[in-house]
Protein chains: 2
Amino acid sequence: MTKTATANRKSAERAARQELILQGALAVFREKGLEGAKIDEIARVSGFGKATLYYYFSSKEEIFSALLLNGWRSLWRELEEIARGDDSPRTLFISMLKKIVELVNTDRPLYEFLFQAPQSFTPEENERSEWKVYQNRLYKVLMELIEQGIQEGEFPEMEPRLIMRAMGGLFHGLVFLGKDRKSITENEIEEMLGSLLGKAGQTK
Amino acid sequence: MTKTATANRKSAERAARQELILQGALAVFREKGLEGAKIDEIARVSGFGKATLYYYFSSKEEIFSALLLNGWRSLWRELEEIARGDDSPRTLFISMLKKIVELVNTDRPLYEFLFQAPQSFTPEENERSEWKVYQNRLYKVLMELIEQGIQEGEFPEMEPRLIMRAMGGLFHGLVFLGKDRKSITENEIEEMLGSLLGKAGQTK
DNA sequence: CGATTATTCGAACTGTGGGTCGATATTAGC
DNA sequence: GCTAATATCGACCCACAGTTCGAATAATCG
């Protein structure tokens, strides 16, 4: 058993070091943007030699990808649970967005990265990427909630895609826009969403 | 008089060539993103040698800046007129956004660039830039309309900055999000804004 | 202990891309 | 036509940043 135990510890340590590197990388991306982040600086910030980064990751791009993948995957896991609830579409929809707000307020740098980094890639690059799978699942669930919600009269009768875009933009604006990084409260979000979606069924 | 006439023509031609270069640059930015756009490619697309670009512009960054400055300045001029009208704050506010939609539908690549390129710079870089002046004027006018609108009961009673963010996000979502580049209509915008702002005073 | 393997790292390599040079062509003015 | 200014351009330069190398150190195991 000794062999396995040691191997486990080693692989755990390896993962922990990868995590350290990712944290450093995130800090640098946040400050310098995607292209502005230099490998040397990531190495310095995370406290490893430059070559060591390449011992754990095969390229700069892989570091990006790992950050995005981890982030979107864990975000999806949090939201998946909520989506499985059996409340009305509108309630579920709002709960999910409120959950995202809660998470953002927990670790703003991470979520700013998750929501803004993708714009730095070309659409083709994005299609191929692992993390996109989880983002797509999230979008799909939200779209379905909107469609069901419309049928049940809980959402305004408009093109679902249009509502999706409007809600996405509204949400993004409230949570991420503005230089004053004051966190938004769940109540504020709820109020805004409520007025956009109309009062129908809101106090159900 | 010959001298002046010739000089005029020359400077007009010079401006026209600059314009050609800017058009090429915009096309490349649109496709490749800001960092992905190479000077060599801009030169190729706009039909000049690389060195010629540097005969008209002193750096790659100056090309960016010129695009942004031209764009935001002309956008501001269009909107300034509207802002001077003497309708109610809410009507003015909505007219301005509808005007932007109209312009976007005229030249989508340009406006996508205008609204998205700034994110590629660090905040400090943005502060120093010429074009930011016009963007700030626009934001200021919109904020004032919101503040007045609240006093006159045409807008919901919330923090103006919050309303601004919400409207900005909503607008951006509707106009620019989504891969299907189908243009949005002014009516759709009006409907969305209307429901977010509430019915109060809408049918004034 | 050796010896084999895992880890770390600064130095060196290399491709890329922004910017410059010098030579050439084109135009303007007389 | 001749000269000076204007315009054009491909080849070159060089700094930078991602990546690799090779050596050195630390951990594992028999």
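Values in this text are rule-based calculations from the coordinates and carry no lab data. Just so you know, these numbers come straight off a predicted model, no measurement behind them. Reconstructed Cβ throughout: ideal geometry from the backbone, glycine too, with neighbour counts over all protein chains shown.
So what is the relative contact order for the range B:98-204, in percent, with contacts set as C-alpha pairs under 8 Å and at least six apart? Before the final figure, lay out the partial values.
Numbers: 46 pairs, mean separation 36.8, N = 107.
Dividing the mean separation by the residue count of the range B:98-204 yields 34 percent.
So, with +1 on the Cβ of K and R and -1 on the Cβ of D and E, and no other charges, what is the size of the charge dipole of the protein assembly as shown about its Cα centre, to the nearest 20 debye? All intermediate terms of the calculation are to be shown ahead of the outcome.
Numbers: 58 positive and 62 negative charges, 315 e Å.
The dipole of the protein assembly as shown has a size of about 1520 debye.
What number results when the radius of gyration of the range A:1-91, computed over Cα atoms, is divided by 2.2 N^0.38 Å? Before the final figure, lay out the partial values.
Working: Rg = 17.5 Å, N = 91, 2.2 N^0.38 = 12.2 Å.
The reported ratio for this selection is 1.44.
Once you place label points 7 Å from the Cα toward the Cβ at B:Glu62 and B:Glu31, how far apart are they in nm?
If labels sit at B:Glu62 and B:Glu31, their model points lie 2.6 nm apart.
Where in chain B are the DSSP H helices whose C-alpha atoms run 20 Å or more along the long axis and whose mean Kyte hydropathy is at least -0.5?
Working: long enough: B:2-36 (45 Å, -0.54); B:60-83 (34 Å, -0.14); B:89-106 (26 Å, 0.58); B:131-151 (31 Å, -0.31); B:160-176 (23 Å, 0.96).
Membrane-span-like by this criterion, though nothing is claimed about a membrane: B:60-83, B:89-106, B:131-151, B:160-176.
Convert each backbone phi in the range B:118-129 into a coupling constant with the Karplus relation 6.51 cos²θ - 1.76 cosθ + 1.60 (shift: θ = phi - 60°), then list the ³J(HN,Hα) values in order as whole Hz, x for Gly and Pro.
Taking θ as phi minus 60°, the curve returns x, 5, 7, 9, 6, x, 4, 4, 5, 4, 6, 7 Hz for the range B:118-129.
Give a residue-ordered list of calculated ³J(HN,Hα) values for the range B:47-53 (Karplus: 6.51 cos²θ - 1.76 cosθ + 1.60, θ = phi - 60°; whole Hz; x for Gly, Pro).
Calculated HN-Hα couplings, in order: x, 10, x, 4, 5, 5, 4 Hz.
Please go through the range A:3-104 and write out the trypsin sites (Lys or Arg not before Pro) that DSSP classes as loop and that have at most 11 other C-beta atoms within 10 Å.
Values: sites: A:Lys3, A:Arg9, A:Lys10, A:Arg14, A:Arg17, A:Arg30, A:Lys32, A:Lys38, A:Arg44, A:Lys50, A:Lys60, A:Arg73, A:Arg77, A:Arg84, A:Arg90, A:Lys98, A:Lys99; in loops: A:Lys38, A:Arg84.
Answer in residue order: A:Arg84.
In this model, which of A:Lys140/A:Lys179; A:Lys60/A:Lys132; A:Lys179/B:Lys182; B:Lys98/B:Lys182; A:Lys140/B:Lys179 are farther than 21 Å apart at the alpha-carbon?
Working: A:Lys140/A:Lys179 31 Å; A:Lys60/A:Lys132 18 Å; A:Lys179/B:Lys182 31 Å; B:Lys98/B:Lys182 16 Å; A:Lys140/B:Lys179 15 Å.
Beyond 21 Å between Cα atoms: A:Lys140/A:Lys179; A:Lys179/B:Lys182.
At 222 nm, what value in deg cm²/dmol follows for the protein assembly as shown if DSSP H runs of at least 4 each add -39500 (n - 2.57) and the sum is divided by all its residues, to the nearest 500?
On the way: 20 runs with 314 residues, N = 408.
My calculation for the protein assembly as shown gives -25500 deg cm²/dmol from helical runs alone.
Which whole-number percentage describes the relative contact order of chain A, with Cα contacts under 8 Å and a sequence gap of 6 or more? Please report the intermediate quantities before stating the final value.
Values: 140 pairs, mean separation 41.6, N = 204.
About 20 percent, as a whole number.
For the protein assembly as shown, what is one quarter of the convex hull surface built on the Cα atoms, given in nm²?
Values: hull surface 105.0 nm².
Averaged projected hull area, Cα only: 26.3 nm².
Quick check on chain A: what does the Kirkwood estimate of hydrodynamic radius come out to from the alpha carbon pairs, in Å? Before the final figure, lay out the partial values.
On the way: mean 1/r = 0.0526 Å⁻¹.
With all distinct Cα pairs of chain A included, I get 19.0 Å.
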